[in-house]
Amino acid sequence: MGLDMRRFFLITNKVKDPEECYTEKIIAYLEAHGGEVMGVASGEATAHIAPPVGTECVIVLGGDGTLLKAARDIVECEIPLLGVNLGTLGYLAEVEISNIEDALDKLLHGTYIIEERMMLTGSVCHKTEGTSGDGHGFSEKMHNFALNDIVISRCGSLQILQFHIYVNGRFLNRYSADGMIVATPTGSTGYNLSAGGPIVEPGASLLLLTPICPHTLNTRSIILSPEDEIEIEIPEGKENTVQTVEANFDGAHKIILQTGDKIIIQKAPETTGILKLNTESFLEILHKKMSETV
């Protein structure tokens, strides 16, 4: 169990709560029961969200997508998140709006646990003219975080993509595929699962490397140590063509890469705290979701 919470920050989804009815309901309930709302921000805003100092909990209204963006926005704040689901059934936003008052009571009275979830950090390096032996170097242009996954996929026509994969500086394999997924345990039930990757308990610490529609018969997901560094290099395509791909962080933040560029993906030093209010284990929840698909 945790400490009683009193100071909250809300991140809303204006698409799913356009009149802010749910937002206002939560604010009113918290203030009527001894809580304080430190501020409200829109989850669709492009500006960086920064909860005030002293915030004890960030309540995210929307769905898994809104929560994933919130996790990236406040990654350095070390404030736990509670997801309130206003959309389709997800894995991260566990609280249904119909049960919101009971959920808020649990926060106010310390009836919760915090699960620390592993995150990824990705650094995109663009090829430049340099002083290395081949006359080229790299400059890091963009750095970002992901709670679920970093996906490198095609940008444009439906061509087969080529990837060179290195782990800890050593060449692993050349892939021909529609894309590559590097996922966390939290993200194992997302795109990784759809691409045939394994389901992993979300509290684990490891890296999942899963090709998307590989154009070979023997290519499978690879599970790597959390200390490993994955480097995905974009080589020339078929007939020495220039490849253009995009790296997506949690399906939202996008960076373009071309032949000669690379992205280096590692376990982030930061984690995301996800507030859990129910007593169901991950395996119990997984059993329910698998039963729903039968």
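The values are calculated or read from the model by the stated rules, or taken from the named source; none is laboratory data. Just so we're clear, the structure is a prediction, and the values are computed from it rather than from any experiment. FYI the Cβ positions are ideal-geometry reconstructions off the backbone, even for glycines, and counts take in every protein chain you see. For accessibility, only protein heavy atoms count, side chains too; no ligands or nucleic acids. Shrake-Rupley method; radii C 1.70, N 1.55, O 1.52, S 1.80 Å.
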**Item:** Where V53 falls short, out of the listed (1) closer than 23 Å to T271 by Cα; (2) among the β-branched types (V, I, T); (3) in contact (Cβ under 8 Å) with a residue 24 or more places away in the chain
**Value:** (3)
**Item:** strands (runs of 3 or more DSSP E) contained in the range 224-290 and holding at least 2 residues in contact with a Pro (Cβ under 8 Å, 6 or more places away or on another chain)
**Value:** 262-276
**Message:** Residue under question is N218, and the condition is that it be open to solvent by 30 Å² or more (accessible area, probe 1.4 Å) and closer than 24 Å to M119 by Cβ; does it hold?
**Reply:** no
**Item:** Which numbered condition T189 misses (of (1) within 30 Å of L283 (Cα to Cα); (2) crowded, with 17+ Cβ neighbours inside 10 Å; (3) modelled with pLDDT of 95 or more)
**Value:** (3)
**Request:** Please find, within the range 254-268, the residue that is nearest to E101 (Cα to Cα) out of those that are open to solvent by 20 Å² or more (accessible area, probe 1.4 Å) and in contact (Cβ under 8 Å) with a residue 24 or more places away in the chain.
**Result:** K267
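One line per residue, one yes/no per condition, for (1) acidic (D, E); (2) open to solvent by 40 Å² or more (accessible area, probe 1.4 Å); (3) without any contact (Cβ under 8 Å) to a residue 60 or more places away in the chain:
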| site | (1), (2), (3) |
| --- | --- |
| N13 | no, no, no |
| D17 | yes, no, no |
| E20 | yes, yes, yes |
| Y29 | no, no, no |
**Prompt:** Restricting the range 141-163 to residues that are of a type outside the set (A, V, I, L, M, F, W, C), closer than 20 Å to R117 by Cβ and open to solvent by less than 60 Å² (accessible area, probe 1.4 Å), which is farthest from the chain's Cα centre (by Cα)?
**Reply:** N144
**Request:** Search the range 196-207 for residues being surrounded by 21 or more Cβ atoms within 10 Å (Cβ to Cβ) and farther than 20 Å from L67 by Cα, and hand back the single one that is modelled with the lowest pLDDT.
**Result:** G197
**Message:** Whether any residue in the range 64-71 is out of contact with any Asp or Glu (no Cβ under 6 Å at 6 or more places or on another chain), modelled with pLDDT of 90 or more, β-branched (V, I, T) and part of a helix (DSSP H, G or I) is what I want to check.
**Reply:** yes
**Prompt:** What number of residues within the range 44-60 satisfy the criterion of being under 19 Å from V95 (Cα atoms) and open to solvent by 10 Å² or more (accessible area, probe 1.4 Å)?
**Reply:** 1
**Asked** Can you tell me which residues in the range 86-113 are in a strand (DSSP E or B) and either open to solvent by less than 50 Å² (accessible area, probe 1.4 Å) or among the hydrophobic types (A, V, I, L, M, F, W, C) (or both)?
**Response** V95, I113
**Request:** Scan the range 140-186 for residues that are part of a strand (DSSP E or B) and polar (S, T, N, Q) and report the count.
**Result:** 5
**Prompt:** Which one of these is in contact with a Cys (Cβ under 8 Å, 6 or more places away or on another chain) and open to solvent by 10 Å² or more (accessible area, probe 1.4 Å): D228, D178?
**Reply:** D178
**Message:** If I ask for residues that are modelled with pLDDT under 95 and either basic (K, R) or over 26 Å from the mean Cα position of the chain (by Cα) (or both), which ones from the range 112-133 would you list?
**Reply:** K127, T128, E129, G130, T131, S132, G133
